[in-house]
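All remarks here apply to the structure that follows.
The values are calculated or read from the model by the stated rules, or taken from the named source; none is laboratory data. Since the structure is predicted, the reported quantities are computational estimates derived from the model, not experimental observations. Ideal geometry is used to build each Cβ from the backbone, glycine not excepted, and the neighbour counts take in all protein chains shown.
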Amino acid sequence: MTVPALKLAKSFNNDVIRAVTGRQFESQRAEQILTWALDNFQSKLALSASFGGPEGMVLLDMMHKLDASSRVFMLDTGRMHPATYDLVDRVRDRYDKKVEVIFPNHKDVEAMVSEKGHNLFYDSEENRKQCCRLRKVEPLRRHLQGLDAYVSGLRRDQNENRRDTRKVEFDEAAGGIVKLNPLADWKHDDVWDYVEEHQVPVNRLHKQSHPSVGCEPCTRAVKAGEDSRAGRWWWESDDMRECGIHLGEEEGGSGI
Ligand code: SF4
């Protein structure tokens, strides 16, 4: 089977290509999708978890129960909140699980901070995007080169950018690997019901009005009535603000 419209750097077998392009996953439950992915990609599959939202922790719990050797990684920007590091430690203890920690290129960060200062992101949107690119997007891109598939906790109702999220797709901007969003059709309450039922560890800042915890200087508590990501880069007016990790190049992101 040839798929000329896709730029796939990896060579997947026809069953995988058919399954992803055929959209067979849209009616499947999260556990079914993860089971398929674990069977097909094994150690070349990993969960990308921020440890700053409950969705990643739900997926970590699900994947670990399906396969205790399943992989999880986090991007450590160097500006994370202490509560996030505490959660990583709790996960290691609870699941006896290694969490792969991915750092940015230190030379790039040194050059940026030396030139523009530690808190450059408050000065302009351009600076903020540069910081996100060096500390998040490029490390993620580098790490994904060693994988055939990765799992993210995106949900369609988190914001407008995520409204068309598919449950399984090829991520051409990431070299054509498979991206799985098993919780794409979950609602906020579905996530918290799972957390409660399975006693999943989550970031303690969620109890202090932080529904989404990113880097410490770029995250604040949200007020009543604000959407869940209003506390991220709150000084910017653009409702579509994202760090670039989940945006393709054509959408103004940084290619991941
Ligand atoms: S969220 Fe803030 S500190 Fe973190 S990488 Fe982006 S701009 Fe830099």
Requested in this report: Those residues that are farther than 24 Å from Ser43 by Cβ and surrounded by 13 or more Cβ atoms within 10 Å (Cβ to Cβ), I need them from segment 88-121; list them, please.
Outcome: Arg90, Pro104, Asn105, Asp108, Val109, Met112, Val113, Lys116, Asn119, Leu120, Phe121
Report task. Take the residues in segment 50-71 that are within 16 Å of the ligand (Cβ to nearest atom) and touching a helix residue (DSSP H, G or I) at 6+ places or on another chain (Cβ under 8 Å), then tell me which one is farthest from Ile102 (Cα to Cα). Result -> Gly52
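Of the residues in segment 8-57, how many are among the basic types (Lys, Arg) and at pLDDT 95 or above?
2
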Query - Cβ pairs under 9 Å, 6+ apart, first in segment 78-91 and farther than 16 Å from Gln208 by Cβ and assigned to a loop (DSSP other than H, G, I, E, B), second within 16 Å of the ligand (Cβ to nearest atom) and among the small types (Gly, Ala, Ser) - result: Arg79/Gly214
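How many residues does segment 92-108 contain that are in a helix (DSSP H, G or I) and touching a Pro at 6+ places or on another chain (Cβ under 8 Å)? Walk me through how you get there before you give the answer.
Narrowing segment 92-108 to residues in a helix (DSSP H, G or I): 92-95, 106-108.
Going one step further and asking which of them are touching a Pro at 6+ places or on another chain (Cβ under 8 Å), we end up with 94.
Summing the residues that are in a helix (DSSP H, G or I) and touching a Pro at 6+ places or on another chain (Cβ under 8 Å) in segment 92-108 gives 1.
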Query raised in the report: So is Lys167 closer than 18 Å to Gln24 by Cα, away from the ligand (no atom under 16 Å from the Cβ) and in contact with a helix residue (DSSP H, G or I) (Cβ under 8 Å, 6 or more places away or on another chain) or not?
Result: yes
Report summary line: Filtering segment 72-83 for residues that are more than 11 Å from the ligand (Cβ to nearest atom) and either surrounded by fewer than 22 Cβ atoms within 10 Å (Cβ to Cβ) or farther than 23 Å from Leu183 by Cβ (or both) leaves a count of 3
Report task. Considering only segment 174-223, state which residues are at pLDDT 95 or above, within 16 Å of the ligand (Cβ to nearest atom) and basic (Lys, Arg). Result -> none
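Residues of segment 111-156 being β-branched (Val, Ile, Thr) and either away from the ligand (no atom under 11 Å from the Cβ) or over 16 Å from the mean Cα position of the chain (by Cα) (or both), which ones?
Taking segment 111-156 and keeping what is β-branched (Val, Ile, Thr), we get 113, 137, 151.
Residues satisfying the conditions are Val113, Val151.
Is it true that Trp186 is of a type in the set (Phe, Trp, Tyr), out of contact with any strand residue (DSSP E or B) (no Cβ under 6 Å at 6 or more places or on another chain), within 30 Å of Arg18 (Cβ to Cβ) and surrounded by 14 or more Cβ atoms within 10 Å (Cβ to Cβ)? Break it down into steps so the answer makes sense when it comes.
Details: of a type in the set (Phe, Trp, Tyr): yes; out of contact with any strand residue (DSSP E or B) (no Cβ under 6 Å at 6 or more places or on another chain): yes; within 30 Å of Arg18 (Cβ to Cβ): yes; surrounded by 14 or more Cβ atoms within 10 Å (Cβ to Cβ): yes.
It is true that Trp186 is of a type in the set (Phe, Trp, Tyr), out of contact with any strand residue (DSSP E or B) (no Cβ under 6 Å at 6 or more places or on another chain), within 30 Å of Arg18 (Cβ to Cβ) and surrounded by 14 or more Cβ atoms within 10 Å (Cβ to Cβ).
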